[in-house]
Amino acid sequence: MNSGFDLASITARAAGLFAGFDLLDAAVPLLEAAGWDGRTESVGDPGGLGRCYERGIEPALRHARGIHYTPLPIARGLVRSALGPPSDDGGAVRVGDQACGSGAFLVAAADELSSRGAPPDAIVAEQLFGADLDPNAVSIARIEIALWSARVAGRVLIVPEDHLVAADALSGDGAGPWGGRPGPLDVVVGNPPFGAQLKGGTVRDRDTQQLLAHRLGVGALGYADTSALFLLRAVDLVAPGGRVALILPTSVAAAKSAGPIRAALADRARITDVWIGGDDVGFDAAVAVWAPILQKTGQAPATTPIEVRRSHGVVFAPLDPVEVDVDASSWAPLLQGRHRTPAARTAPGAGAVDDPEGSVASVASVSAGFRRHFYGLVPFVHDDPAAAPDTPALVTTGAIDPCHHRVDRPVRFAGRSMQRPVVDVAALAADRALDDWVRSLSVPKVLIASQGRVLEAIVDATGSLVPSTPVIAVVPDADADVDIWHLAAAISSPFASLRLHDEAGGTGMDGKGCRVTAGFVGALPLPTDRVAWDEAADAARQATEASARDDATTWADQLDRLGAALVGRHDHGDVLGWWNQQRPQWRGARLLNR
């Protein structure tokens, strides 16, 4: 892989480090194999080669390859968690990393194995196995391990060539990138490449999809993130009883696209621990991260709830364990933030019974549009801060708060920033399919943000708002005995948000919120207490009217009223208090055309 970066400065830095240990002569063959040009750079600190290399890789290439190297404290914590308590065999275990980059996890494993009594010679010669697509990164990993041995043993020890290889860990058969040389590993750790499959340079082509599905033993991969494939392959690489700990984007926990991977894992391993990332972990990726720790079982999934230990942040601070049924539908309950959500899961009076005849989809159409709608609208959307209030306006997820259409900040759409994005609906006639879709939504409706810590919905009473995919639109059926305010109240119910956390907790971009899908919204049960529902609907209407006149106090009071009406006497787990803490506070309004 061409990194677009000259390794000369990194090898010169490494030479300076070896010189500091008075071991440069012994390291010369290693450095020359990595492209060393003979220069030696004086270095004060003993590390940082991987970070230097990462900073030099072109951003576009880093994104396409999903390259986000791991801070050493995180690697150490995950290695320690994956190895578990020290055992009688000391440190005689074999550790692999399928996407080792510059070797952070391998160095962390060497440190941990050494602390458990394994001799440095055995660690380097017999116990570390790494692979990466980037041969330059593999060279740096080899140097980092040699520097570790210089620091710990006072000698330059070099990993065997066939233990640290430039290879694609997802290709080939079940023997792994090392050609079956080590046999089944005891532990696989790492931070595999992230690769969303909806758009961009990380998308796999159809032939690759089919080939990987066959190799991994799943029927279809769909849009599963690339990191999920590495998780499944890792479980195949360890012996029965072996353990796996990989950093993943939180979307893998609950995204429907990762369902086949979760189902396959359920037949092969069980989750014993979870590490939840946070804002302070120093991980250079624009997504929230977590790491499940699995133990290979080779037997059917447990039919009873299991207790999973949890930790958080750069210091792996312990969290409350969770006792959950972990199945393929969702691992989201494992990611419910630093504290458990309330225990109550049903509200008899508010109607939380799963009945298709009493769901949102039974009285309304629910849709989120498709990629063609998002891109199709691009040429018809322009910025017009002076547009009249009834001008068809584009609504994005970021502009939706509970019962509050935010206009206090610019909107981002298709890479552009706009004060007030409006849609030229007259010009849509040039695209018949797009025009039909917009017209079908030019009616009173409820619009729902595609992610958040609670369900966030606004009412478009005039039908003048155009949802930008993936905003979810709910249009009541003509013969339904409910209106848009009733639907907004049912969707905004605290119990609906609690249900969302059960199914998709931690899958939002910030790792604390949830992704929302049209299928989830359609399946939400309708309240059965009509008196309470009517009151909540009136509260939704009054909260919306208050937000339109910039009345933050009344807006908040009416949301409180909405939640209290639908929770009522069934607040067994302080659901209302939890919901009040989770929902966004008033974030202001910069009302236009006032």
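The values are calculated or read from the model by the stated rules, or taken from the named source; none is laboratory data. These numbers were taken from a predicted model, which means no experiment stands behind them. We place every Cβ from the backbone using ideal geometry, glycine too, and count neighbours over all the protein chains shown. These accessible areas exclude ligands, DNA and RNA; they are computed on the full protein's heavy atoms, side chains included. Shrake-Rupley method; radii C 1.70, N 1.55, O 1.52, S 1.80 Å.
Points worth noting:
- Counted residue by residue at 0.36 nm each, then reduced by the alpha carbon distance between them, the extension gain from D481 to D408 reaches 22.8 nm.
- Potential lengthening between S440 and Q419 on full extension [0.36 nm per residue; Cα-Cα distance subtracted]: 5.0 nm
- Descending by average beta-carbon neighbour count within 10 Å, the peptides 107-114, 379-386, 513-520 line up as 107-114, 513-520, 379-386, the highest first.
- Relative contact order computed over the stretch 389-497 (Cα-Cα under 8 Å; 6+ residues apart), in percent: 30
- Averaged over its residues, the stretch 471-551 has an accessible area of 34 Å² per residue, based on protein heavy atoms and a 1.4 Å probe.
- Gain upon complete extension [D557, T391; 0.36 nm per residue less C-alpha separation]: 56.8 nm
- Exposure rank, largest accessible area first [W290, W437; 1.4 Å]: W437, W290
- Theoretical FRET efficiency, 1/(1+(r/R0)^6), r = Cβ-Cβ of R270 and V531, R0 56 Å, to 0.05: 0.75
- Measuring r between the beta carbons of E41 and E307 and using R0 = 56 Å, the FRET efficiency lands at 0.65.
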